[in-house]
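Contents: one structure, followed by commentary.
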């Protein structure tokens, strides 16, 4: 059952709090519609935190059964922390405004948390939404996101905040997200939780459908921001991983592969088989890996560490 926090008779028995940060993104309507259609039989609340003092989104969602908050500090991790501070649920679940949850999403998460040894659950993310050309490319090459790793920095897994759930007390214990991150705060909090002894469990049937970036520039910027976050992660966790510098071969190998074998294979398939699959793959690889390389250089200068 979906409630608002002001339903005082039930607010102390909320099972799940769903936190959604949003900034000028009308796709939140689809996100909320999917949450309102959940098959979950327990009591849950939806907390929408708008990161815009003009409150554009409030006008769109005012008729939904939600708790609305407005965060004036710029950054998604400020908004998520505000949501955490207001959450009453035993379990806190995060998703994004451009995501659509399967109908049994919360049900699957709640059932798994009935095991007292489960502390953090990461669900599956599918890139299935959107009709822009770049989104169609992403559906072909970035189908599923499971547990992810930044092995040059840490052997521990992490999961994006598009589909992850924590027991409430863990987030309070960790004091929420580190707001110095623009990107990478989800990795940081996953690692800090695991350093504190909490295990990250991957749940394949807790599924979110995610809309990829809507333009090639936004796709490039996404990976650029990832790369800046990677450098800051290295600096913050330097004492734990014991490394004085990092050489990450992934973007170098990816760019070389895209600009050599990718182009050759792509042209061959285009000319002889009329198949553009490898050309599209080459284009996405070039955007991704060049963004990661550029951000590694700029991040190293910004944070005064050597991460290449």
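Only one residue in 250, 224 is touching a residue at least 24 places away in the same chain (Cβ under 8 Å), in the same structural domain as residue 284 (by TED's automatic domain parsing), in a helix (DSSP H, G or I) and within 22 Å of the chain's Cα centre (by Cα). Which one? Lay out the reasoning, then the answer.
Working: 224 fails: in the same structural domain as residue 284 (by TED's automatic domain parsing).
Going through 250, 224 in turn, just one is touching a residue at least 24 places away in the same chain (Cβ under 8 Å), in the same structural domain as residue 284 (by TED's automatic domain parsing), in a helix (DSSP H, G or I) and within 22 Å of the chain's Cα centre (by Cα): 250.
For residues in segment 268-279 being surrounded by fewer than 18 Cβ atoms within 10 Å (Cβ to Cβ) and in contact with a helix residue (DSSP H, G or I) (Cβ under 7 Å, 6 or more places away or on another chain), which is modelled with the highest pLDDT? Don't jump to the end; show me each part of the working.
Within segment 268-279, the first condition is being surrounded by fewer than 18 Cβ atoms within 10 Å (Cβ to Cβ), and the residues that meet it are 268-277, 279.
Now narrow it down to the ones that are in contact with a helix residue (DSSP H, G or I) (Cβ under 7 Å, 6 or more places away or on another chain): 269-270, 275-277, 279.
On the way: 269: 53, 270: 54, 275: 55, 276: 54, 277: 54, 279: 59.
So, considering only residues that are surrounded by fewer than 18 Cβ atoms within 10 Å (Cβ to Cβ) and in contact with a helix residue (DSSP H, G or I) (Cβ under 7 Å, 6 or more places away or on another chain), the one modelled with the highest pLDDT is 279.
Could you check, for segment 196-217, whether at least one of its residues is within 19 Å of residue 149 (Cβ to Cβ), in a helix (DSSP H, G or I) and outside the structural domain of residue 239 (by TED's automatic domain parsing)?
Scanning segment 196-217 turns up no residue that is within 19 Å of residue 149 (Cβ to Cβ), in a helix (DSSP H, G or I) and outside the structural domain of residue 239 (by TED's automatic domain parsing).
Please work out if residue 244 is surrounded by fewer than 14 Cβ atoms within 10 Å (Cβ to Cβ), in contact with a helix residue (DSSP H, G or I) (Cβ under 9 Å, 6 or more places away or on another chain) and within 27 Å of residue 297 (Cβ to Cβ).
Against the criterion (surrounded by fewer than 14 Cβ atoms within 10 Å (Cβ to Cβ), in contact with a helix residue (DSSP H, G or I) (Cβ under 9 Å, 6 or more places away or on another chain) and within 27 Å of residue 297 (Cβ to Cβ)), residue 244 qualifies.
For segment 150-172: of the residues being in contact with a helix residue (DSSP H, G or I) (Cβ under 9 Å, 6 or more places away or on another chain) and part of a helix (DSSP H, G or I), which is surrounded by the most Cβ atoms within 10 Å (Cβ to Cβ)?
Step by step, filter segment 150-172, then rank; the result is 171.
Given the criteria modelled with pLDDT of 95 or more and over 19 Å from the mean Cα position of the chain (by Cα), does residue 81 qualify?
Judged against the criteria, residue 81 is not a match.
Anything in segment 191-221 that is surrounded by fewer than 16 Cβ atoms within 10 Å (Cβ to Cβ) and within 30 Å of residue 112 (Cβ to Cβ)? List them, or say none.
195, 196, 197, 199, 202, 204, 205
The values are calculated or read from the model by the stated rules, or taken from the named source; none is laboratory data. Here the structure is a predicted model, which means the values were calculated and not measured. We place every Cβ from the backbone using ideal geometry, glycine too, and count neighbours over all the protein chains shown.
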